[in-house]
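S.K.: Could you have a look at this structure, given as structure tokens, before my questions?
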Amino acid sequence: MTHLQAGLSPETLEKARLELNENPDTLHQDIQEVRDMVITRPDIGFLRTDDAFILRFLRARKFHHFEAFRLLAQYFEYRQQNLDMFKSFKATDPGIKQALKDGFPGGLANLDHYGRKILVLFAANWDQSRYTLVDILRAILLSLEAMIEDPELQVNGFVLIIDWSNFTFKQASKLTPSMLRLAIEGLQDSFPARFGGIHFVNQPWYIHALYTVIRPFLKEKTRKRIFLHGNNLNSLHQLIHPEILPSEFGGMLPPYDMGTWARTLLDHEYDDDSEYNVDSYSMPVKEVDKELSPKSMKRSQSVVDPTVLKRKDKSEEENMQPLLSLD
């Protein structure tokens, strides 16, 4: 085990080896092969090329070198093409701060039975008078930047639950094709996170219709991981144990406190170190001389007795029928 794997538990180390093709004996060579490709894209300013940073892209693409580099390039290209989104990219930015306080996103205290972080969104909380959909996307991206510092989550990934209860047709009308494309490009195509499942609950007909519009723009792998549960929370519980879910999702825990994750970010005064501006992207690409020390966010400790949660066979999740309305 190298120092780059120091934050992983023995179980996660084995998972990284079996599922992601991570080999401690070739880890530095893998990273260097990706770094060597940077010179092929002089049009992009790679603001970070240190070992720890490149490693998260390798993990996100199962150590396929070219795919990892393409994701790395898209990560910086997305920021280069959307500079306004990344100005004042910090939790104290007014728009981001308000979105965070309204639970965009929320994060549950307990991981699921695969070690994945469970993110939650309550769509109807969006107050159009105080912040925009772009602010929500910025808040989500900033949150992912903080969470992905955790090497366990780089390997195990995330699960997202979106509750569409009381989300109005007027609110839905703001989900324009350009806005949806911006979100898809930022989350699916340009960020080194592994999403094991995206769950829609209580979605109205117009959200279902909207999904059919964006479906062609989603990768096949993404489409297979989207589940439309409708009002059928039992189908959700087959994939995520109710013992770790708040009552809004038919779980056994108290209602979710929308400000929990916002307080975590604000207490740490988390912001992105990178300065996303025209000048920085026009600078010559150069390697970081010394590895940047990550701003580690403390992981929430599980408050559920592990004996309560029996680990389900992975085939159970694979046998669920995604992309179908289950209400």
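The values are calculated or read from the model by the stated rules, or taken from the named source; none is laboratory data. Computed from a prediction, not measured in an experiment: that's the story for all the values here. Note: areas computed on protein heavy atoms with side chains; ligands, DNA, RNA excluded. Shrake-Rupley method; radii C 1.70, N 1.55, O 1.52, S 1.80 Å.
S.K.: Might you tell me the accessible area per residue for segment 159-248, computed with a 1.4 Å probe and given in Å²?
M.R.: Result: 44 Å² per residue.
S.K.: A follow-up question, please. Which whole-number percentage describes the relative contact order of segment 1-144, with Cα contacts under 8 Å and a sequence gap of 6 or more?
M.R.: 18 percent.
S.K.: Something else now. Tell me the carbon and sulfur percent of the accessible area for segment 50-135, rounded to whole percent, probe radius 1.4 Å. Intermediate values should be presented prior to the final figure.
M.R.: Details: 1390 of 2880 Å².
Carbon plus sulfur share of accessible area: 48 percent.
S.K.: Find the accessible area per residue for segment 1-118; the probe is 1.4 Å, ligands and nucleic acids are left out, and the unit is Å².
M.R.: With the other protein chains kept in place, segment 1-118 gives 41 Å² per residue.
S.K.: Would you mind checking the pairs Lys174/Lys219; Lys101/Lys221; Lys15/Lys174; Lys87/Lys117; Lys87/Lys224; Lys15/Lys90 and listing those with alpha carbons more than 29 angstrom apart? Before the final figure, lay out each step's value.
M.R.: Working: Lys174/Lys219 23 Å; Lys101/Lys221 31 Å; Lys15/Lys174 41 Å; Lys87/Lys117 27 Å; Lys87/Lys224 34 Å; Lys15/Lys90 33 Å.
Over 29 Å apart, Cα to Cα: Lys101/Lys221; Lys15/Lys174; Lys87/Lys224; Lys15/Lys90.
S.K.: Further question: Quick one: grab the alpha carbon gyration tensor of segment 84-154, order the square roots of its eigenvalues as a ≥ b ≥ c, and give me rounded if a/c is under 1.5, else prolate or oblate depending on whether a/b is larger than b/c.
M.R.: Oblate.
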